Amino acid sequence: MHCPFCHHEDTRVIDSRVSEDGGSIRRRRECAQCGERFNTTETAEVKLPTVVKGDGRREPFDIDKLRQSMERALHKRPVPQAQIDAAVRAVVQQARASGERELASRRLGDFVMTQMRRLDHVGYVRFASVYRAFEDVADFREEIEMLERDLPGGQEQLPLLAGEVVPFGKTADKGRKR
C-alpha cells in the first residue's frame, strides 16, 4: 500500500481489527519513510447479481441505492442506524444467497419489504407505497389492514393509525362524545 502523504511504497501494518459485523478488517498503517499513520479498510469483494428492472433494463446491484431507499422510508422514524445497516446486510446476503447472476427487481423489492416490515411499520408502508405504486388512499388502507392482520400480538411498535374506525360522534381512544 502506498503512503497517501508521500507516496512511498513501503508501509507497515501496526494494528488490525475486525469490524463488529465481521465483514471487514480495519488496519492502522505507518509509512516507513515519512512516519505518517493512516487507516485502511479491507473487505471481501463478492460479485452481486445484476438487477433486472421491470422494463427489461439491467443495472448493477447498488448497495448505496438500496440503503438510501430504506433510509428515505425510515426518515424521522425511531430506528437506529445499526438496525438499518443490519437490514441492508440481510438484503445483500439474500441477493448473494439466491445464487443467481441476474435478479428481478421485484424479487429484490420483496427482500427489502421483508426487512422493512421487521424494522418499522410506518417505514414499511412508506416503502410499500413507492414499491407497489399506490395510487390512492384505498391502497394505503388495504396495505395497513393486511399488515395489522398479519402481526402477531404484543408487537413493540407504535400503532399504524392513531385510532380505529368508530361510529360517528365517538373517538377511538376514549369512546366519548366529541
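The values are calculated or read from the model by the stated rules, or taken from the named source; none is laboratory data. This is a predicted model, so every value here is computed, not measured. Neighbour counts run over all protein chains shown; Cβ positions are idealised from the backbone, glycine included.
Some values worked out for this structure:
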quantity: Test for K76: is it modelled with pLDDT of 85 or more, more than 29 Å from G22 (Cβ to Cβ) and outside any helix (DSSP H, G or I); calculated: yes
quantity: Evaluation of E135 against (1) surrounded by 12 or more Cβ atoms within 10 Å (Cβ to Cβ); (2) modelled with pLDDT under 95 (one fails), failing number; calculated: (1)
quantity: Qualifying residue in region 96-112 (condition: within 30 Å of R26 (Cβ to Cβ), part of a loop (DSSP other than H, G, I, E, B) and of a type outside the set (G, A, S)); calculated: no
quantity: Within region 45-66, considering residues that are assigned to a loop (DSSP other than H, G, I, E, B) and surrounded by 13 or more Cβ atoms within 10 Å (Cβ to Cβ), the one nearest to the chain's Cα centre (by Cα); calculated: F61
quantity: Cross-chain or 6+ apart pairs with Cβ under 6 Å, region 93-114 first and assigned by TED's automatic domain parsing to the domain that holds E59 and small (G, A, S), then outside any helix (DSSP H, G or I) and surrounded by 13 or more Cβ atoms within 10 Å (Cβ to Cβ); calculated: A95/L48; A95/P49; A95/L103; A104/V52; S105/V51
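Yes/no per residue for (1) farther than 29 Å from Q83 by Cβ; (2) modelled with pLDDT under 95:
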| site | (1), (2) |
| --- | --- |
| V18 | no, yes |
| G23 | no, yes |
| R27 | no, no |
| C31 | yes, no |
| G35 | yes, no |
| E42 | no, yes |
| L48 | no, yes |
| R57 | yes, no |
